[in-house]
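Q: The following block contains the structure, expressed as structure tokens.
The values are calculated or read from the model by the stated rules, or taken from the named source; none is laboratory data. Quick caveat, the model's predicted, so the values are computed rather than measured. No Cβ is skipped: glycine too gets one built from the backbone with ideal geometry, and neighbour counts run over all protein chains shown.
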Amino acid sequence: MYRFLLTPRWWAINVFLLLSIPFCVFMGSWQLGRFEDRVDNHRQAEAQVADAKKEKPRPLDDLLPVTKATSGKQATATGRYDTQLLVPGRMLDDKDGYYVLTLLRTGTGRALPVVRGWLPGEPDPAKAPAPPAGEVTVTGALQASETPGSNGVSARSGLPEGQTAAISAASLINLVPYDVYDAWVTLNRGDSGMRAVPASAPGGTGLDLKAFQNLGYTAEWFAFVGFAIFMWFRLFRREVELARDAELGILPDEANDADKADEAGAEAAPGPVPSRVHN
């Protein structure tokens with residue numbers, strides 16, 4: 001009954017199954033490992049940001065350029081506040097609001113973007129507290145320039161005057177007449193009653209879309225294993241049923257031909273002859 005397993009067709013099916021299962025398991029395990037690595041990186045990045053708050057602040061220029069190692073570190077800079085902008089579409093504790101961003105003119109000739117705090121609601125310049133006058137020294141968590149369209153940063157254009165979608169040198173250089181640092185700082189304490197904006201983990205270390213894509217690919221590869229096994233058993237069962245029918249002399253084609261012949265004979269058979277009534 002199982003002689004069909006020795007046919008070339010079934011040799012090919014069996015070899016394909018034996019090769020595809022370990023391959024799919026390997027690929028699924030590899031994708032799962034990528035996801036776990038991203039989870040570990042995310043945890044380490046969050047721990048780095050938390051530990052950085054306990055460290056002694058360092059001069060801004062000593063921490064530049066911003067890398068994964070320096071992101072979140074405590075930085076300090078001295079200068080005078082200048083242009084103030086609002087950054088709409090920023091959430092804090094699941095509430096809509098906006099950042100109050102003020103450019104700090106330093107002695108280097110460049111300005112440091114400083115997020116002085118967060119306010120709820122729609123951006124309103126009248127509600128944003130004016131920055132302190134005179135020379136000030138700020139201390140906060142160092143952050144890398146944002147990239148529009150990633151990590152929740154809006155890529156909108158055509159915003160009202162006095163607003164910017166992203167905190168980056170590329171965006172701000174078009175709004176102010178002086179050079180801007182390719183970095184920004186969020187104050188540890190919100191200025192003038194505003195809520196402080198917590199530092200975020202370095203880019204590429206969070207549970208972003210790529211991480212969940214790895215998890216989705218893991219599920220797909222393991223689903224392929226189940227599908228391959230299911231299809232093998234389905235083909236195997238069909239072959240066994242055909243072999244059993246052949247041993248019993250029941251051939252599907254012959255049976256169908258016999259049924260068709262019976263139907264044709266029934267249609268050709270004469271109907272009952274009506275009887276005559278004699279008066």
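Q: Give region 103-120 a look and list any residue that's at pLDDT 95 or above and more than 16 Å from Thr76 (Cβ to Cβ), or say none.
A: If the condition is that a residue be at pLDDT 95 or above and more than 16 Å from Thr76 (Cβ to Cβ), then Leu103, Gly117, Trp118, Leu119, Pro120 are the ones that fit.
Q: Restricting to region 92-121, give me the number of residues that are touching a residue at least 40 places away in the same chain (Cβ under 8 Å) and surrounded by fewer than 20 Cβ atoms within 10 Å (Cβ to Cβ).
A: 6
Q: So, one more: When you check Leu18 against the structure, is it of a type in the set (A, V, I, L, M), farther than 17 Å from Arg238 by Cβ, out of contact with any Lys or Arg (no Cβ under 8 Å at 6 or more places or on another chain) and in the same structural domain as Lys210 (by TED's automatic domain parsing), yes or no?
A: Yes, satisfied.
Q: Looking at region 172-205, which of its residues are surrounded by fewer than 18 Cβ atoms within 10 Å (Cβ to Cβ), of a type in the set (Ser, Thr, Tyr) and either at pLDDT below 90 or closer than 12 Å to Val100 by Cα (or both)?
A: Ser192
Q: Looking at region 89-97, can you tell me whether even one residue there is over 24 Å from the mean Cα position of the chain (by Cα), among the small types (Gly, Ala, Ser) and assigned to a strand (DSSP E or B)?
A: No, region 89-97 contains no residue that is over 24 Å from the mean Cα position of the chain (by Cα), among the small types (Gly, Ala, Ser) and assigned to a strand (DSSP E or B).
Q: Please go through (1) outside any strand (DSSP E or B); (2) modelled with pLDDT of 95 or more for Arg80 and return the number of the only condition it doesn't satisfy.
A: Unmet condition: (1).
Q: If you don't mind, another one. Which condition number does Asp124 fail, the rest of (1) assigned to a strand (DSSP E or B); (2) loosely packed, with under 13 Cβ neighbours inside 10 Å being met?
A: Looking at each condition in turn, Asp124 falls short on (1).
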